Amino acid sequence: MMPARLARRGAGCHEAGRPPPDPQRPLTPPPGLPTRKAARDLLAATLDERRPLEEALEALPRRLDPRDRAAAHRIAAMVLRRLGSIDEVLSPYLRKEPPPPARHALRIGAAELLLLETPPHAAVATAVALAPRAFAGLVNAVLRKVAAEGPAALEGLDAPRLDTPAWLWAAWHAAYGPAVRAIAEAHRGPAPLDLTPAPGAEPPAGAEVLPTGSWRLAAGTRVTDLPGFAEGRFWVQDAAAALPALLLKPQPGERIADLCAAPGGKTAQLAAAGADVTAVERDAARVARLAENLARLRLPATVVQADAATWAPPAPFDAILLDAPCTATGTIRRHPDVAHTKRPRDVQGAVEAQARLIAAAAKMLAPGGRLIFATCSLQREEGEAHLARAEGAGLRHDPFTPAELPGLPDAVTDGCLRTRPDFWPDRGGMDGFFAARFRRV
Ligand SMILES: C[S@@+](CC[C@H](N)C(=O)[O-])C[C@H]1O[C@@H](n2cnc3c(N)ncnc32)[C@H](O)[C@@H]1O
């Protein structure tokens, strides 16, 4: 396939700056242009400025119709998920790198043509209207060729490899061997909607009850449409994200700190088990979200806005859950931007913050008290590598046994929880998570 494409490289393309032979841009903008403009803004924020997609979504103009916003999100998420494959299809038609706005218009058009089943004339017309004027001809010519190839253009590509940044592929290969390919495959589709039930709640129609107790619904299900949402009968939480609090085994009346708490999924689990929970969160806006979520769920917790690395509790805790800030590379199915916004140096920064938080948490525990340290990262530096450091902070590793994790016999490695996106492939996968349990010496 590649040699054939290379033979056509540049054939018929209009160079940037050279006017197209006929007017490519209609006088009236094509329908659907606001959606594509918003998608382009999302790509510019994530790929050019390395800002999180969720933050970029918040920054879209308030006047944007909710349907346009949802459609822009869908397009941008697809481009981010399949970026390497899309760029590979485009590459034979580009003699030199176009500026980012033109590159994003090409990516959006190609994603619509090859992956989103947009009618070709609409995909091409909107991408042309989106492109900077000097590049309208180039975008038109390239996308017409991509449209002529159709989805067959993707056949034969090594998509898992192309769609995974090289540094992540190398790190996961070093950590998990050949499973790196299954991990990358798992990132190609959106994640299902997982819910954690409040005690005694009944699952909604169509939900699968997972062996670990979470409920699973199809990807794209709107949680706010489900009966029981307003009444606080469940909350959104990936099945893997629910495991650290389960493994802490919170007991009624125990004094437990949740040290990096917002938006509060784990605080809610601990409070629902009857523990006396103190939820510590540094970020003011996220404290507000945490409080809102607890109010909807009608669950009690003492919420403290503080830096957990320096906060001094009034009395030691029986147990602590430390769900530390991390690179979140275990959540790429849900947040495809993470693959492109994070860099190796972010791992190092996260490791340093995690080490400070582990040392601080150790000092907040009563003797014999237990700590669960967790991260939603697939990087070993943010997981297994902390074990030795924790021992130096006065903590003893208290290994998990496979019997503690029903339905997940492969998730315990060397006494630690290690889930991966390729686990439970027939059920729709799960986030990548690490957790280890320690006792204060
Ligand atoms: C991985 S998220 C926690 C998710 C949460 N445990 C849940 O289950 O919903 C990490 C949180 O830690 C907060 N955070 C980061 N550094 C912190 C610190 N030094 N002290 C307190 N909170 C911190 C972040 O603002 C973020 O809300």
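Tabulated data for the structure shown
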| read-out | value |
| --- | --- |
| Residues of the range 100-111 satisfying the condition of being open to solvent by 10 Å² or more (accessible area, probe 1.4 Å) and free of Cβ contacts under 8 Å to residues at least 40 places away in the same chain | R103 |
| Residue count, the range 328-354 (criterion: farther than 20 Å from E55 by Cα and surrounded by fewer than 18 Cβ atoms within 10 Å (Cβ to Cβ)) | 6 |
| Checklist (1) at positive phi; (2) of a type in the set (G, A, S); (3) within 14 Å of the ligand (Cβ to nearest atom) applied to A306, failing item | (1) |
| Of residues in the range 215-230 being open to solvent by 80 Å² or more (accessible area, probe 1.4 Å) and within 22 Å of the chain's Cα centre (by Cα), the one farthest from P409 (Cα to Cα) | T224 |
| Breaking point among (1) out of contact with any strand residue (DSSP E or B) (no Cβ under 7 Å at 6 or more places or on another chain); (2) in the same structural domain as P399 (by the TED database); (3) at positive phi, for P211 | (3) |
| Enumeration of residues in the range 301-323 that are surrounded by fewer than 14 Cβ atoms within 10 Å (Cβ to Cβ) and over 23 Å from T375 (Cβ atoms) | T302, A312, P314, A315 |
| Every residue from the range 288-343 that is of a type outside the set (G, A, S), over 20 Å from the mean Cα position of the chain (by Cα) and in a loop (DSSP other than H, G, I, E, B) | R298, L299, P300, D307, T310, W311, P313, P314, P316 |
| Those residues of the range 323-337 which are aliphatic (A, V, I, L, M) and away from the ligand (no atom under 12 Å from the Cβ), in sequence order | I332 |
| Hits in the range 240-270 - residues which are more than 13 Å from the ligand (Cβ to nearest atom) and touching a strand residue (DSSP E or B) at 6+ places or on another chain (Cβ under 7 Å) | L247, P250, G253, E254, R255 |
| Residues (buried (at least 17 other Cβ atoms within 10 Å of the Cβ) and either outside any strand (DSSP E or B) or out of contact with any strand residue (DSSP E or B) (no Cβ under 8 Å at 6 or more places or on another chain) (or both)) located in the range 191-202 | A191, P192, A198 |
| Any pair with Cβ under 7 angstrom, 6 or more apart, that starts in the range 274-296 at a residue that is open to solvent by less than 50 Å² (accessible area, probe 1.4 Å) and ends at one that is within 11 Å of the ligand (Cβ to nearest atom) and of a type in the set (S, T, Y) | V277/T267; A279/T267; L290/T267; L294/T267 |
| Hits in the range 231-264 - residues which are under 24 Å from P421 (Cα atoms) and open to solvent by 20 Å² or more (accessible area, probe 1.4 Å) | V236, L246, C260, P263 |
| All positions within the range 203-214 that are open to solvent by 20 Å² or more (accessible area, probe 1.4 Å) and either aliphatic (A, V, I, L, M) or closer than 18 Å to A268 by Cβ (or both) | P203, A205, A207, V209, T212, G213 |
| Members of the range 278-300 found to be touching a Leu at 6+ places or on another chain (Cβ under 8 Å) and within 12 Å of the ligand (Cβ to nearest atom), listed by number | A279, V280, E281 |
| Candidates P204, P165 - the one that is of a type outside the set (A, V, I, L, M, F, W, C) and outside the structural domain of V236 (by the TED database) | P165 |
| Conditions (1) under 26 Å from the mean Cα position of the chain (by Cα); (2) crowded, with 16+ Cβ neighbours inside 10 Å; number of the one not met by L395 | (1) |
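The values are calculated or read from the model by the stated rules, or taken from the named source; none is laboratory data. What you see is a predicted model, and the numbers here were worked out from it, not measured in a lab. Positions of Cβ are backbone-derived with ideal geometry, glycine not excepted, and every protein chain shown enters the neighbour counts. With ligands, DNA and RNA removed, areas are computed over all heavy atoms of the protein, side chains included. Shrake-Rupley method; radii C 1.70, N 1.55, O 1.52, S 1.80 Å.
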